[in-house]
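These notes concern the structure reproduced below.
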Amino acid sequence: MTTKSVRPGGLARFFIERRNTRLAALLFFILLAANIWLNPARFMPHNWGSVLGLAAPLLLASLAMTIPFLAGRGSIDVSVGPLMGLINVIIVKGLIMAAGVTSPLIIVPAALLIGLASGALNGFLAAILRIQPIVATLGTYLIYAGLALTVLPSPSGSVPAWLAALAGPWSILPVGLAVLLWLLVKRLPYYDLLMATGSDDRAAYTSGVDVPAVRFVAYLLAGVFASLAALSLTALIGSGDPNIGPGYTLIAIAAVALGGVGLAGGVGGMTAAFLGAADIFLLQSMLTAFNVSTFVLQMAYGAVLVLAVCLNSEKLKHLFKARAVPR
Amino acid sequence: MNTVLTHLAGNRALIAYAGVILVFVVGATLIPGFSSVFSIRAMLILASLLAIAALGQTLVMILGGIDLSIPFVIGFANVVFASLYGGGMPVWLVLAIVLVGAALIGAFSGAISAALAIHPLIVTLGVGTVVQALVQIWTRGLPTGSAPPFINEFVSLGGSVGPLPFPWLIPFTLILTIATIFVLRRTIYGRKLYALGSNPKAAELALVRPVVMWAMTFAISAIFAALAGIFLLGFTGSSSAGVGTPYLFQTVSAVVIGGTALIGGRGGFVGTIAGAIVLIELRTVLIGIGLSEAMVQSALGVLILLLVAAYGRDQHIRNLI
């Protein structure tokens, strides 16, 4: 057997480097086509803002979910969903209703600060204190969900016009900010340390990488992206709702796995997270067009998730290769 | 003396039992009636239900996996049992259908996770979602039916075993615990489980078949989740597909508090029992001192973190090389 080493360029390289994302990308184009065919008016350019606004909370939640996964050895942040809910009720109940604050110059930094604080807490518990990440963030999951219900026991309140616009014509702002932030992170040496830690933390540690610090920062980033997701969510629902946030944890995990982010670490990124989330969003939107019940919807995305991770499995590909090339 | 102390400190299950006593003493001093027979019986019943649901989670975690489908299987068993029994089918047949169905669901998740090397978190989440959706579609979201009287009696707060003031569920859980200890310590299955959990590669070279072990273990997990679902039906009196939801995190917490490590190869069911009792005791204390349901949740999160930070921490990366 001879192996040729040709460096493919442009689009080809984009897809080869994202081998795990190919399935999600294919699914994305199929679902997008089906959606446009079923409901052309909804996907016209003048509606792009509100469509993105609908998808934004899940897109950003999936990005937040992705970063700890990249850091490997069981790193996970299940508190992303409840954190979104907590920020939502703090903005609506604490700032808008109680303090009468409506300025974006206070609300946006406040959201980001809460996200950072939560990231620091999760990072401290999981990376520094070394509580198993799923248990650590499960603890903060319960804390945030409980706090959100205490702050605002039932849905109420409203949001100022500029915030509501973030789910409509200006929905690109939170998503764009997240994209810019991620592109910035990719330019920093930190990104290489993160991927090295995720691929093989022992090798990274012996080469002098401060593994706990890298993981700590991963949780910080997750907190920041979750706070952007919370802003999009608040804009979308236009009120405070303590019950809606926690649900995003499981959907975001599903989206991320669908996109081909490796739970073992070191594989994936923003493209994978966004494609997985977009697939789930388009699937929901298509099935809603058929007027099916939420149960059918739930079944469809459970089934797509299992099928997709099976097809994405490296082991399955090896099995097929072994069949195709008999030794 | 010193070695005895280090040995005791190293035994996480024992610390969990110390926690059971500590929380009980705290509860008894803070809350009037906490140490009454009625309250202890109620806590034991709730802890037994949680422990049965967490039995499978314990085995799966010893294997190095995690089972997120437990709440969905609990809901599946709860609704399907009630509907079929309510439809007039004989109890033994309903029981067989539910348990075999659960075993198949679990075996499927376990086999796929092991054979295709996919993280069980994703597989069990996906399979669980599908199962719950199917149940909801089947009942159109409005489950009907109820449990046969003997199951109500089995878990009832007012039940008794001869002269003893608790329902049959308590001795059942005790026997289950002893049986599980026996299986884990004295059978080939138990040896293989710990072997595969502590070092999958070495175990495979020792001719442990991972796919078979994973399928079996996840099937056992689903069977006990289903059993918990049936008992819950007897306990609450009516069926609901969402009845298992709190058990997702409670089973994980009980197992971890009981000293079983998520990385696999370590731990046992004795600790999980203590973990389940501690969780139920803590809940009762928190509700007893007058916290709202939401604050109870938050406080429970803090307490779980404190407990696990005290003795359930991972090794530093420098010690893993």
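The values are calculated or read from the model by the stated rules, or taken from the named source; none is laboratory data. Everything numeric here is computed off the predicted structure, so don't read it as measured data. Glycine also receives a Cβ, built like all others from the backbone with ideal geometry; neighbour counts cover every protein chain displayed.
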Residues of segment A:114-168 that turn out to be farther than 26 Å from A:Val217 by Cβ, without any contact (Cβ under 8 Å) to a residue 24 or more places away in the chain and crowded, with 24+ Cβ neighbours inside 10 Å, as a count
1
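Please find, within segment B:122-153, the residue that is farthest from B:Gly87 (Cα to Cα) out of those that are small (Gly, Ala, Ser) and within 21 Å of the chain's Cα centre (by Cα). Don't jump to the end; show me each part of the working.
Taking segment B:122-153 first, the residues small (Gly, Ala, Ser) are B:126, B:128, B:133, B:141, B:145-147.
Filter once more, keeping what is within 21 Å of the chain's Cα centre (by Cα): B:126, B:128.
On the way: B:Gly126: 29, B:Gly128: 25 Å.
Among them, the one singled out is B:Gly126.
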Residues in segment A:176-183: is at least one within 25 Å of A:Leu125 (Cα to Cα) and in contact with a Pro (Cβ under 9 Å, 6 or more places away or on another chain)?
no
Here are some conditions: (1) touching an Asp or Glu at 6+ places or on another chain (Cβ under 9 Å); (2) of a type outside the set (Asp, Glu); (3) under 14 Å from B:Thr58 (Cβ atoms). B:Ile220 meets all but one. Which one does it not meet?
(1)
Tell me whether segment A:270-279 contains one or more residues that are not in a helix (DSSP H, G or I) and not acidic (Asp, Glu).
no
Cβ pairs under 9 Å, 6+ apart or interchain, first in segment B:288-309 and within 19 Å of B:Met43 (Cα to Cα), second in a helix (DSSP H, G or I) and charged (D, E, K, R), ordered by first then second residue, are B:Val296/B:Arg283; B:Leu300/B:Arg283
Looking only at segment A:186-224, which residues are part of a loop (DSSP other than H, G, I, E, B) and away from chain B (no Cβ under 13 Å)?
A:Leu188
With within 26 Å of B:Gly265 (Cβ to Cβ), surrounded by 20 or more Cβ atoms within 10 Å (Cβ to Cβ) and of a type in the set (A, V, I, L, M, F, W, C) as the only criterion, which of B:Ala203, B:Ala226 stands out?
B:Ala203
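Can we say B:Ser239 is assigned to a helix (DSSP H, G or I) and either surrounded by 24 or more Cβ atoms within 10 Å (Cβ to Cβ) or more than 14 Å from chain A (Cβ to nearest Cβ) (or both)?
Taking the combined requirement at face value, the residue does not satisfy it.
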Out of (1) part of a helix (DSSP H, G or I); (2) under 14 Å from the mean Cα position of the chain (by Cα), the odd one out for B:Gly234 is which?
(2)
Which ones in segment A:169-188 are surrounded by fewer than 19 Cβ atoms within 10 Å (Cβ to Cβ) and among the β-branched types (Val, Ile, Thr)?
A:Ile172, A:Val179, A:Val185
Name, by its number, the condition in (1) assigned to a helix (DSSP H, G or I); (2) within 14 Å of another protein chain (Cβ to nearest Cβ) that does not hold for A:Ala178.
(2)
Check whether at least one residue in segment A:297-309 is assigned to a helix (DSSP H, G or I), closer than 20 Å to A:Pro68 by Cβ and either within 10 Å of chain B (Cβ to nearest Cβ) or modelled with pLDDT of 90 or more (or both), and report yes or no.
yes
Need the failing condition index for A:Ala277 against (1) of a type in the set (Gly, Ala, Ser); (2) within 19 Å of A:Trp182 (Cβ to Cβ); (3) within 9 Å of another protein chain (Cβ to nearest Cβ), just the number.
(3)
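Let's see how each residue does on (1) over 17 Å from the mean Cα position of the chain (by Cα); (2) over 28 Å from B:Ala114 (Cα atoms); (3) surrounded by 21 or more Cβ atoms within 10 Å (Cβ to Cβ):
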{"site": "A:Gly259", "(1), (2), (3)": "no, no, yes"}
{"site": "A:Gly262", "(1), (2), (3)": "no, no, no"}
{"site": "A:Phe274", "(1), (2), (3)": "no, no, yes"}
{"site": "A:Ala289", "(1), (2), (3)": "yes, yes, no"}
{"site": "A:Val304", "(1), (2), (3)": "yes, no, no"}
State whether one or more residues within segment B:135-146 are assigned to a helix (DSSP H, G or I), within 28 Å of B:Arg41 (Cβ to Cβ) and at pLDDT below 90.
no
Elements of type helices (runs of 4 or more DSSP H) in segment B:1-115, at least 1 residues being among the hydrophobic types (A, V, I, L, M, F, W, C) and in contact with a Phe, Trp or Tyr (Cβ under 7 Å, 6 or more places away or on another chain):
B:12-30, B:37-62, B:70-86, B:91-115
So how many residues does segment A:173-210 have that are touching a residue at least 60 places away in the same chain (Cβ under 8 Å), over 30 Å from A:Leu52 (Cα atoms) and not aliphatic (A, V, I, L, M)?
5
Considering segment A:126-157, residues that are touching a strand residue (DSSP E or B) at 6+ places or on another chain (Cβ under 9 Å) and part of a loop (DSSP other than H, G, I, E, B), and then whichever is farthest from the other protein chains (Cβ to nearest Cβ), we arrive at A:Gly157
State yes or no: is B:Thr124 among the hydroxyl-bearing types (Ser, Thr, Tyr), more than 18 Å from B:Leu232 (Cα to Cα) and within 8 Å of chain A (Cβ to nearest Cβ)?
no
